[in-house]
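Read the structure below first, then the notes.
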Ligand SMILES: *Cc1c(COP(=O)(O)O)cnc(C)c1O
């Protein structure tokens with residue numbers, strides 16, 4: 001392995017957290033107790049927690065210092081004023097509405113924009129995003145390029161929208177049934193795959209032609225900006241901050257989960273340029289989130305987020321973040337473990353179909369693999385396959401996603417390369433004994449977002 005490709009940590013460690021290290025018997029008991037659902041494990045029982053990169057970021061000393069100057073006023077907190085200015089500066093939108101996290105913004109946007117019978121095209125679904133779209137009466141339509149569903153296809157921008165699919169949808173249902181296009185950067189469920197600047201421009205052009213709006217799910221937009229800098233012609237010498245701003249210039253607004261690329265443990269926002277949408281969002285935010293000057297966040301959290309936004313576009317930070325993920329992927333690939341390629345910005349996705357080819361999709365291969373990886377190595381990961389995809393609201397049948405994956409999601413600034421080695425060794429050990437692994441069945445299936453609370457037992 002060529003280690004020179006992987007930059008050393010661009011930070012020093014000032015505070016440490018000492019994790020528990022259960023033995024194998026302890027881990028077997030813990031996962032059984034959790035109904036073989038890694039979401040239901042106690043964090044105390046996980047040595048390396050790769051469940052998610054959401055809200056798990058290690059904040060900087062400057063962010064912690066910012067927490068001390070929280071202005072917890074009910075209205076007009078100075079931290080809100082700073083956050084609003086920072087978002088306007090870095091994201092370039094006219095209006096900002098704070099929310100407790102990304103799904104709060106999705107709720108507001110979906111309620112404002114969608115009428116029953118509408119269609120919302122997007123580059124692959126995301127769980128909470130699609131839920132809010134459907135709950136407001138829309139049909140979600142996947143318009144990502146076909147190759148995104150092929151875990152072996154290597155492309156620079158595998159998150160791109162297929163304009164032909166957009167055209168086909170407009171032809172079929174009419175542009176007036178499409179309130180907006182939802183363009184995610186990067187695409188989480190495709191493996192953290194980026195979208196090219198060129199594709200964003202094309203989508204903008206298409207949308208303008210048909211009078212359709214474009215909102216971005218900007219959750220991992222800084223990681224996307226790094227991929228553009230690294231891979232797209234003409235951007236080699238452009239600063240991450242400027243790439244981000246150009247990306248956002250092609251959208252009418254965005255929903256943001258601050259828990260990812262804004263480097264905080266909680267928070268989010270909704271942005272838009274349109275004054276009417278802003279007025280409606282301010283009306284709704286008080287019902288669901290809080291005053292338009294805090295939206296469910298404490299003043300101190302807004303301060304931390306404002307600082308986090310400025311740190312997120314630092315080249316050394318984002319380079320290390322994305323390349324550390326690539327390092328784990330490279331190690332697994334060298335050992336022949338099937339993963340989704342190319343490796344995306346926030347996670348390495350194990351391809352559970354190829355890892356456990358003896359299981360049918362109804363035996364939940366990814367859920368099974370996540371449970372066994374925990375038993376093997378104390379590493380907590382997440383299923384992103386048939387369980388996450390849920391059931392069709394009309395027919396009640398499982399959605400059968402092509403990708404059946406286990407996500408090893410790397411928190412920002414938390415783990416070192418040596419931790420990545422431990423993860424890789426655990427996965428490789430499991431791969432060597434994959435034939436002995438049996439599937440799972442539901443013992444409790446919640447009616448919605450079933451992956452969070454579902455319980456299973458071994459077949
Ligand atoms: C996390 C996430 C969301 C929702 O954000 P929350 O802060 O968890 O509510 C939306 N879209 C994508 C792509 C995400 O990863």
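Only the coordinates and a few stated rules stand behind these numbers; no lab work does. Keep in mind it's a predicted model, so treat the numbers as computed, not measured. Here Cβ is always computed from backbone atoms with ideal geometry, including for glycine, and neighbour counts include all displayed protein chains.
Between residue 42 and residue 422, the distance separating the two model label sites (each 7 Å from Cα on the Cα→Cβ line) works out to 1.9 nm. Approximating the spin labels as points 7 Å out from Cα along Cα→Cβ, the residue 16-to-residue 175 distance works out to 6.0 nm. Report the extension gain between residue 333 and residue 315 in nm, rounded to one decimal, defined as 0.36 nm multiplied by the number of residues separating them, less their alpha carbon distance. Taking residue 333 through residue 315 to full extension adds about 3.8 nm, to one decimal. Spin-label model, residue 33 to residue 209: label points 7 Å out along the Cα-to-beta-carbon direction sit 5.9 nm apart.
Distance from the C-alpha centroid of the range 333-373 to that of the range 279-323: 33 Å, rounded to the whole angstrom. Kirkwood analysis of the range 101-198, using all unique Cα-Cα pairs, places the hydrodynamic radius at 13.8 Å. Taking a ≥ b ≥ c as the square roots of the eigenvalues of the Cα gyration tensor of the range 31-152, is the shape rounded (a/c under 1.5), prolate (a/b larger than b/c) or oblate? The shape class here is oblate.
When you work out D = kT/(6 pi eta Rh) for the range 62-312 at 4 °C and 1.567 mPa s, using the Kirkwood radius from C-alpha pairs as Rh and the Stokes-Einstein form, the result is 71 µm²/s.
Taking the fewest neighbouring Cβ atoms within 10 Å as the starting point, the ordered list for 409, 128, 255 is 128, 409, 255.
What does the extension gain come out to for residue 3 and residue 283, with contour length at 0.36 nm per residue minus their alpha carbon separation? Can you show the working numbers first?
Working: separation 280, 0.36 × 280 = 100.80 nm, distance 5.26 nm.
Going from the current span to full extension adds 95.5 nm.
Once the Cβ-Cβ distance between residue 399 and residue 358 is put in as r, and R0 is 25 Å, what FRET efficiency do you end up with, to the nearest 0.05? Calculated transfer efficiency: 0.65. Sorted largest first, the spans of the alpha carbon positions of the chain along the three principal axes are 59, 54, 44 Å.
Full extension of the chain between residue 69 and residue 149 yields a length gain of 24.2 nm, computed as 0.36 nm times the residue separation minus the alpha carbon distance. Cα centroid separation, the range 236-272 to the range 384-424: 23 Å. Taking the number of Cβ atoms within 10 Å of each Cβ as an exposure proxy, the fewest-first ranking of 74, 131 is 74, 131. Report the calculated FRET efficiency for residue 135 and residue 201 (r = Cβ-Cβ distance, R0 = 30 Å), to the nearest 0.05. With R0 = 30 Å, the Cβ-Cβ based efficiency is 0.45. So if we plug the beta-carbon distance of residue 445 and residue 237 into 1/(1 + (r/R0)^6) with R0 = 45 Å, what FRET efficiency do we get, rounded to 0.05? That pair, residue 445 with residue 237, gives E of 0.30.
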